[in-house]
Amino acid sequence: MTESVQKVAYTAAVITVSDRGAAGEREDASGPALVALLAGRGYDVVRTAIVPDERTDIERELRSCAEADVALVLTTGGTGFSPRDVTPEATAAVCERMAPGIPEAMRAASMQITDRACLSREAAGICGRTLVVNLPGSPKAALENISAVIGPIAHGLRILRGGQADCAAGE
């Protein structure tokens, strides 16, 4: 008799950063789209939130997710050139270590779709055992960007959360 091995899904949170969304003036489309993508990949989405484009609010939400030991936090919104776009700065303030390859890969993939991808200021970093990844605010761009890196992120989470770090094995 063969014993069935069940994989434990990583926990995830999706934080939408939007003044108008937080005020109830705009329906959030990016957050639910990301939740659906994560659920389809086996992630257990344990938290969603909509916060205004305020650095302290974003930092508070990111810290709260890390304190709750959420494995992956995706933010959507606040990565552009507007003076109110402060999500990358909030992410950098909360994270102990940055993971620049993730946003580099997302921008490279997105440049194949639109030349405006180079204007995105996403960041990614590690806060304790939590990986934080910033995404653009539009549903289309958010999904395109995370789709470019969701596979490697799973490998990174396995290592971050105490799994074997055999990067040469070509997993």
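Is segment 59-82 home to any residue that is of a type in the set (S, T, N, Q), within 13 Å of the chain's Cα centre (by Cα) and part of a strand (DSSP E or B)? Break it down stepwise before answering.
Our first condition is that a residue be of a type in the set (S, T, N, Q); within segment 59-82, this holds for 64, 75-76, 79, 82.
Right, trim to within 13 Å of the chain's Cα centre (by Cα) and you get 75-76, 79.
Among the residues that remain, those that are also part of a strand (DSSP E or B) are: 75-76.
So far as segment 59-82 goes, yes, one or more of its residues are of a type in the set (S, T, N, Q), within 13 Å of the chain's Cα centre (by Cα) and part of a strand (DSSP E or B).
Out of segment 107-138, which residues are open to solvent by less than 50 Å² (accessible area, probe 1.4 Å), in a helix (DSSP H, G or I) and out of contact with any Lys or Arg (no Cβ under 6 Å at 6 or more places or on another chain)? ALA109, SER110, listed by residue number.
Take VAL86 and tell me if it is under 23 Å from GLU144 (Cβ atoms), of a type in the set (A, V, I, L, M), under 13 Å from the mean Cα position of the chain (by Cα) and open to solvent by 20 Å² or more (accessible area, probe 1.4 Å). Here the answer is no, as VAL86 does not meet what is asked. Of all the numbered requirements in (1) modelled with pLDDT under 95; (2) closer than 16 Å to ALA66 by Cβ, LEU160 misses one, and that requirement is (1). Look at segment 109-120: where a residue is touching a residue at least 24 places away in the same chain (Cβ under 8 Å) and over 11 Å from GLU144 (Cα atoms) and a partner is open to solvent by 90 Å² or more (accessible area, probe 1.4 Å) and of a type outside the set (S, T, N, Q), sitting 6+ places away or on another chain with Cβ atoms under 8 Å, you get LEU119/PHE81.
Given the criteria free of Cβ contacts under 8 Å to residues at least 12 places away in the same chain and either of a type outside the set (Lys, Arg) or outside any loop (DSSP other than H, G, I, E, B) (or both), does ALA36 qualify? Before the answer, list the steps.
Working: free of Cβ contacts under 8 Å to residues at least 12 places away in the same chain: yes; either of a type outside the set (Lys, Arg) or outside any loop (DSSP other than H, G, I, E, B) (or both): yes.
Judged against the criteria, ALA36 is a match.
Restrict the check to segment 4-24 and report whether at least one residue is surrounded by 16 or more Cβ atoms within 10 Å (Cβ to Cβ), in a loop (DSSP other than H, G, I, E, B) and touching a residue at least 40 places away in the same chain (Cβ under 8 Å). Checked segment 4-24: at least one residue is surrounded by 16 or more Cβ atoms within 10 Å (Cβ to Cβ), in a loop (DSSP other than H, G, I, E, B) and touching a residue at least 40 places away in the same chain (Cβ under 8 Å).
Just give me the residues in segment 25-64 being open to solvent by 70 Å² or more (accessible area, probe 1.4 Å), among the hydrophobic types (A, V, I, L, M, F, W, C) and touching a helix residue (DSSP H, G or I) at 6+ places or on another chain (Cβ under 8 Å), in sequence order. Result: ILE50, single match.
Against the numbered list (1) closer than 30 Å to GLY162 by Cα; (2) touching a residue at least 24 places away in the same chain (Cβ under 8 Å); (3) within 13 Å of the chain's Cα centre (by Cα), ARG41 comes up short only at (3).
The values are calculated or read from the model by the stated rules, or taken from the named source; none is laboratory data. Not measured: the values here are computed from a predicted model. Cβ coordinates were reconstructed from backbone atoms using ideal geometry, including for glycine residues, and neighbour counts include every protein chain displayed. In case anyone asks, the SASA skips ligands and DNA or RNA and just uses the protein heavy atoms, side chains included. Shrake-Rupley method; radii C 1.70, N 1.55, O 1.52, S 1.80 Å.
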